[in-house]
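**Q** Here's a structure for you.
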Amino acid sequence: MEIRRIGVIGAGQMGNGIAHVCALNGFDVIVHDISLERAEAGIATIMGNMNRQVAKGKIQESERDAALDRISPSMDYARLAETDMVIESATENEEVKRAIFGELCPHLNAETILCTNTSSISITRLAAITDRPEKFMGMHFMNPVPVMELVELIRGIATDDATFKSIETLALGLGKQVATAEDFPAFIVNRILLPMINESVYTLYEGVGSVESIDKAMRLGANHKMGPLQLADFIGLDTCLSIMQVLYDGMGDTKYRPCPLLVKYVEAGWLGRKTQRGFYDYRGEFPVPTR
């Protein structure tokens, strides 16, 4: 089916980024969240990000204005009845996602495709609680969505060929490159990336190096753009912990055991950039390591 109108559930960092690229590429977008204020805050973030693109000469003012006109906020699932597909981008928590799909499905047209932006959770398991497992798949965008080129596409066991082809065509139409992953815990990117981050936290936990030394070693020694602890703060330490827990539970291998220090930071509410403290403290002019 032709996709023209897209619903995005979750107006946070990933959701507003997905809405941003969809609107900029000509799609009408409804941004849904639990309150109108949160949905509108997500759209305000999109406006700020598009203004930066204009200032850098990446898009024209006319493109920004047309894209913003295509976006509308919502807190009512019934509004998503108008959509051809819905991308769920809520917090990385399976129970939250299951509750969303349970409430959402009765409002949708029978032909509406459902996607989840989960970075680790079983697509087959999420699809099974919907009324359309054959029209359900994973569409995992990378953060920040307007900048990163890759989208991981993940079929559940029931995903039909027409659904996969429609979503692959959409991803390419958004200017993204696609990598197809099997439905195993954390797929490709996070199956490789998060254990590296977790091992970096263990390296800190065991006193092998400081935050600054670990990040410098990987930036200069492995030519990474960001050090692993800096990247963890950018992703969100709660998200990192959730993905490691999915890997640990799903694979049953102790090499995926979340580092106790990562657990401690999350318990403290030090989740990285979004809370102004994680492995770095962001409350001053420059980030300062917290260990």
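The values are calculated or read from the model by the stated rules, or taken from the named source; none is laboratory data. These numbers were taken from a predicted model, which means no experiment stands behind them. FYI the Cβ positions are ideal-geometry reconstructions off the backbone, even for glycines, and counts take in every protein chain you see.
Condition check ((1) touching a residue at least 40 places away in the same chain (Cβ under 8 Å); (2) of a type outside the set (D, E, K, R)) across all residues:
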{"site": "Glu63", "(1), (2)": "no, no"}
{"site": "Leu68", "(1), (2)": "yes, yes"}
{"site": "Ala78", "(1), (2)": "no, yes"}
{"site": "His107", "(1), (2)": "no, yes"}
{"site": "Leu114", "(1), (2)": "no, yes"}
{"site": "Thr118", "(1), (2)": "no, yes"}
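**Q** All but one of (1) surrounded by fewer than 22 Cβ atoms within 10 Å (Cβ to Cβ); (2) in contact (Cβ under 8 Å) with a residue 60 or more places away in the chain; (3) out of contact with any helix residue (DSSP H, G or I) (no Cβ under 8 Å at 6 or more places or on another chain) hold for Phe234, so report the exception by its number.
**A** (3)
**Q** Can you tell me which of (1) under 27 Å from Leu24 (Cβ atoms); (2) free of Cβ contacts under 8 Å to residues at least 60 places away in the same chain is the one Thr124 doesn't meet?
**A** (1)
**Q** Need the failing condition index for Asp33 against (1) under 18 Å from Glu149 (Cα atoms); (2) in contact with a Gly (Cβ under 7 Å, 6 or more places away or on another chain); (3) charged (D, E, K, R), just the number.
**A** Of (1) under 18 Å from Glu149 (Cα atoms); (2) in contact with a Gly (Cβ under 7 Å, 6 or more places away or on another chain); (3) charged (D, E, K, R), only one is false for Asp33: (1).
**Q** Looking only at the stretch 177-207, filter to residues that are in a loop (DSSP other than H, G, I, E, B) and touching a helix residue (DSSP H, G or I) at 6+ places or on another chain (Cβ under 8 Å); which one of those is surrounded by the most Cβ atoms within 10 Å (Cβ to Cβ)?
**A** Taking the stretch 177-207 first, the residues in a loop (DSSP other than H, G, I, E, B) are 182-188, 206-207.
Narrowing the set further to residues that are touching a helix residue (DSSP H, G or I) at 6+ places or on another chain (Cβ under 8 Å) leaves 183-186.
Numbers: Asp183: 19, Phe184: 15, Pro185: 18, Ala186: 24.
So, considering only residues that are in a loop (DSSP other than H, G, I, E, B) and touching a helix residue (DSSP H, G or I) at 6+ places or on another chain (Cβ under 8 Å), the one surrounded by the most Cβ atoms within 10 Å (Cβ to Cβ) is Ala186.
**Q** Might you check whether a residue that is touching a Phe, Trp or Tyr at 6+ places or on another chain (Cβ under 9 Å), more than 17 Å from Gln13 (Cα to Cα) and in the same structural domain as Pro133 (by TED's automatic domain parsing) occurs anywhere in the stretch 27-37? Walk me through it before giving the result.
**A** Just the residues of the stretch 27-37 that are touching a Phe, Trp or Tyr at 6+ places or on another chain (Cβ under 9 Å), to begin with: 32.
Filter once more, so that each one left must be more than 17 Å from Gln13 (Cα to Cα): none.
Checked against the condition, which is being touching a Phe, Trp or Tyr at 6+ places or on another chain (Cβ under 9 Å), more than 17 Å from Gln13 (Cα to Cα) and in the same structural domain as Pro133 (by TED's automatic domain parsing), the stretch 27-37 yields no hits at all.
**Q** Filtering the stretch 197-238 down to residues that are at pLDDT 95 or above and β-branched (Val, Ile, Thr), which residue is farthest from Asp281 (Cα to Cα)?
**A** Residue satisfying both the conditions and the ranking: Val208.
**Q** Among the residues of the stretch 208-227, write down those that are closer than 15 Å to Leu193 by Cα, of a type in the set (A, V, I, L, M, F, W, C) and not in a helix (DSSP H, G or I).
**A** Residues satisfying the conditions are Ala222, Met226.
**Q** Looking only at the stretch 250-273, count every residue that is of a type in the set (Asp, Glu) and either under 20 Å from the mean Cα position of the chain (by Cα) or closer than 16 Å to Thr239 by Cβ (or both) and tell me the total. Talk me through it step by step, then tell me what you get.
**A** The first filter runs over the stretch 250-273 and keeps only residues of a type in the set (Asp, Glu), leaving 253, 267.
With the extra rule that they be either under 20 Å from the mean Cα position of the chain (by Cα) or closer than 16 Å to Thr239 by Cβ (or both), the set shrinks to 267.
Total satisfying the criteria: 1.
**Q** Of all residues in the stretch 73-128, which are over 22 Å from Asp249 (Cβ atoms), buried (at least 17 other Cβ atoms within 10 Å of the Cβ) and touching a His at 6+ places or on another chain (Cβ under 7 Å)?
**A** Residues satisfying the conditions are Ser74, Tyr77, Leu80.
**Q** Only helices (runs of 4 or more DSSP H) wholly contained in the stretch 20-134 count here; list those with 3 or more residues that are under 28 Å from Ala181 (Cβ atoms).
**A** Where helices (runs of 4 or more DSSP H) fall fully within the stretch 20-134 and carry at least 3 residues being under 28 Å from Ala181 (Cβ atoms), they are 36-55, 94-104, 123-127.
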